[in-house]
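First comes the structure, then the notes that go with it.
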Amino acid sequence: MNLLKKIILLPLVFSLAATPYTVFADHEPGHKEPPELSTNAETAALVDVNSGRVLYSKDGDKEMRIASLTKIMTAIVAIEQGDLKSTVTVGKNAAGKEGSSIYLKQGEKMTLENMLFGLMLRSGNDAATAIAEHIGGSEEGFVHLMNVKAEEIGLKHTQFKNPHGLDAEGHYSTAEDMAKLTAYALHNADFKRIVATEERKAPNPEESWDYDWHNKNKMLRLYEGADGVKTGYTKKAFRCLVSSATRNGQQLVAVTLNDGDDWNDHANMLDFGFEHYHLKELAKKGQSIQKFQYITGNNFKYPLLAAEVSDVKTKLILYNQQLDKGKRSKVDESSSFGLMGRVEFLLGETKIGEIPVYEKGSLIPKDKAAEAMALDFGHLKGDSLLGSLKQVFDQLFDMR
């Protein structure tokens, strides 16, 4: 008998024993929509990194050329698949690659980490090609990995044809997909560190001088709290930009495609998000659930308009603990930790997240994978189940 298939649904809305909700003054009671936001971009999107909630979208699902924003995927695939300390040898396909460059020479050797800095700070197309061949064995092999990753993350309107973003038929994405990809990538500490770096020096064994790269992303210098991510331009894609910023523990990602005034638009978009979508703590780890001898197993925060707070509901779902002896799976054995069920959070009728619930007095697992036991396993595929769970859970909740 599967623990997760037999549940007890409690349809009534219950309360968490918590501090009262705070209502912000920027919206009148009952007003559910934020003030209007306009940009000069052909398409745009703004998302909250931890929750993945789309806070603003302008034709966000329109498929567009994305120029060097492509390198966001190149970087995260290389970081996940490679060893940052490994040595990349520059091949003839990478040396002299057209477009933006860090001026690599054939046969030159550089660590993957430094190559990634050259990729993300200076947008080196030669670095992108060298990285692709190092990780994927060939540019085509690496592009396959990029598209597999896009499918894994759930990018429904994205397809890659190369690792650098030079214009190619069938190479496209959308503002919302790029925002989703970036939010995913920013959960990786190495990616986050690289894109937030303003200057990087690297040894250059081929010359008497060392590399000294300054980040092309002016948002790092123009906007308070900016910490990423990537610029882009081609003659067909025009100006593209992904930026991120963190204030008061909340990180946002803004994306514009084909925008001639992107620096100002990104500042306005980020201001809009921080001003109107405050990150609200809806549950704390170890918090009691009223009328039940249960406690929450994790924190849960979500960006909300002031007038949306009253629309948030909670639903308690209890698992059937009456399991046949001798039929417990490894998942079922998690009940020994006192796992009783989960709390689902709904905004109106839309589920926005969930956290595990434990019996009071239980030892709540510190292991993130164990805490993720409250998630539904049914839709997950692949051999690394706990790894997949961790990725899902990290995107839903603040696990840092």
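The values are calculated or read from the model by the stated rules, or taken from the named source; none is laboratory data. Computed from a prediction, not measured in an experiment: that's the story for all the values here. Note that we place each Cβ from the backbone using ideal geometry, even for glycine, and neighbour counts take in every protein chain shown. Surface accessibility is based on the protein's heavy atoms, side chains included, excluding ligands, DNA and RNA. Shrake-Rupley method; radii C 1.70, N 1.55, O 1.52, S 1.80 Å.
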Inset, instruction - Please list, in chain and number order, the residues 5+ apart from THR111 or on another chain whose amide H is under 5 Å from its amide H, with Hs placed from the backbone. - result: VAL88
Inset, instruction - Would you tell me the accessible area of LYS216, worked out with a 1.4 angstrom probe on the heavy atoms of the protein chains, in Å² to the nearest 10? - result: 80 Å²
Legend entry - Amide H within-cut-off set for SER100, under 5 Å, with H built and near neighbours excluded: ASN125
Inset, instruction - Tabulate in residue order the Karplus-calculated ³J(HN,Hα) for the range 116-123, using 6.51 cos²θ - 1.76 cosθ + 1.60 with θ = phi - 60°, rounded to whole Hz; enter x for Gly and Pro. - result: 5, 5, x, 5, 8, 7, 10, 6
Inset, instruction - Kindly write out, for the range 43-53 in residue order, the coupling ³J(HN,Hα) from the Karplus curve 6.51 cos²θ - 1.76 cosθ + 1.60 (θ = phi - 60°), rounded to whole Hz, with x marking Gly and Pro. - result: 9, 7, 7, 9, 10, 8, 5, 6, 8, x, 5
Inset, instruction - Please list the non-local residues whose amide H lies under 5 Å from the amide H of GLN287, H modeled 1.01 Å from N, same-chain partners needing a gap of 5 or more. - result: THR296
Legend entry - Per-pair calculated FRET efficiency, R0 = 35 Å: ALA189 and GLN290 via Cβ, rounded to 0.05: 0.40
